[in-house]
Amino acid sequence: MYQAMKGSTHVLAPHEIAVTAIPEDERVWVPQAPNVWFRPLMLNTLQGQWCNLLRVRRAGVLSRHLHPSPVHGFVLKGSWRYLEHDWVATEGSYVFEPPGEIHTLVVPDDVPEMITFFNISGCMYYVDQDNKHVGFEDVFTKIDMCRKHYTEVGLGADYVDQFVR
Ligand code: FE
């Protein structure tokens, strides 16, 4: 994971990541819920943070949740909204989710597919309609999901390692 950099005072530096964000190989998308997938880009185990693409197709729902830390999003394709708010994030939109903000992500009926880049710190803290805690995801559960999926589709459990720092 670490490389010595020749002629630099930076003796140890993690490898950079440079990948085509929207993959040609469908297997790179990790299923998360019916009609919801994520594509890992950077899984930061030292800071409990991750960057991924979220893909949601019609009728897909990302369950009601909050984050204890900030989240930044940029919409690459399609559009989506939160059931709790009346604005719509459209292609090219930037979205900031402040810590503690509770939301449920859905795509409008006339949108076949949305893809959004998210930079997520901390965790996804899932709550029910009464805001009672019902589950969570963090960078480690994300890595576990990737390993399981990449094993099942033949890419191999270690396929995810290229995104882990
Ligand atoms: Fe969120």
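The values are calculated or read from the model by the stated rules, or taken from the named source; none is laboratory data. Every value quoted in this text rests on a predicted model; they were computed, and no experiment measured them. Note: ideal-geometry Cβ built from the backbone for every residue, glycine included; neighbour counts use all protein chains shown. Only protein heavy atoms, including side chains, enter the accessible area calculation; ligands, DNA and RNA are left aside. Shrake-Rupley method; radii C 1.70, N 1.55, O 1.52, S 1.80 Å.
When the dipole is taken about the Cα centre of the chain, and only Lys, Arg (+1) and Asp, Glu (-1) are charged at their Cβ, what size is it in debye, to the nearest 20? Mind showing how you got there, number by number?
Values: 14 positive and 20 negative charges, 68 e Å.
Value, rounded to 20: 320 debye.
Once you've got the GNM for the chain with C-alpha springs shorter than 10 Å, pick whichever of Ile120, Ile143, Ile17 has the biggest mean-square fluctuation.
Highest fluctuation among the options: Ile17.
Net charge near Val95, counting Lys/Arg +1 and Asp/Glu -1 over other residues with Cβ under 15 Å of its Cβ?
Working: positive: Lys77, Arg81; negative: Glu84, Asp86, Glu91, Glu97, Glu101.
My count for the surroundings of Val95 gives -3.
Taking K and R as +1 and D and E as -1, what net charge do the other residues with C-beta under 9 Å from the C-beta of Trp50 add up to?
Charge balance in the 9 Å sphere: 0.
Tell me, what % of the accessible area of the chain is carbon and sulfur with a 1.4 angstrom probe?
Reported share for carbon and sulfur atoms: 57 percent.
Give the residue from His72, Val88, Val127 lying farthest towards the positive end of the charge dipole for the chain; charges sit on Cβ (+1 for Lys and Arg, -1 for Asp and Glu) and the dipole is referred to the Cα centre.
The residue sitting farthest along the positive end of the dipole is His72.
Leaving out ligands and nucleic acids, note down the accessible area per residue over the chain with a 1.4 angstrom probe, in whole Å².
54
Does segment 1-112 come out rounded, prolate or oblate by the C-alpha gyration tensor, with a ≥ b ≥ c the root eigenvalues, rounded set by a/c under 1.5 and, if not, prolate when a/b is larger than b/c and oblate if not?
The shape class here is prolate.
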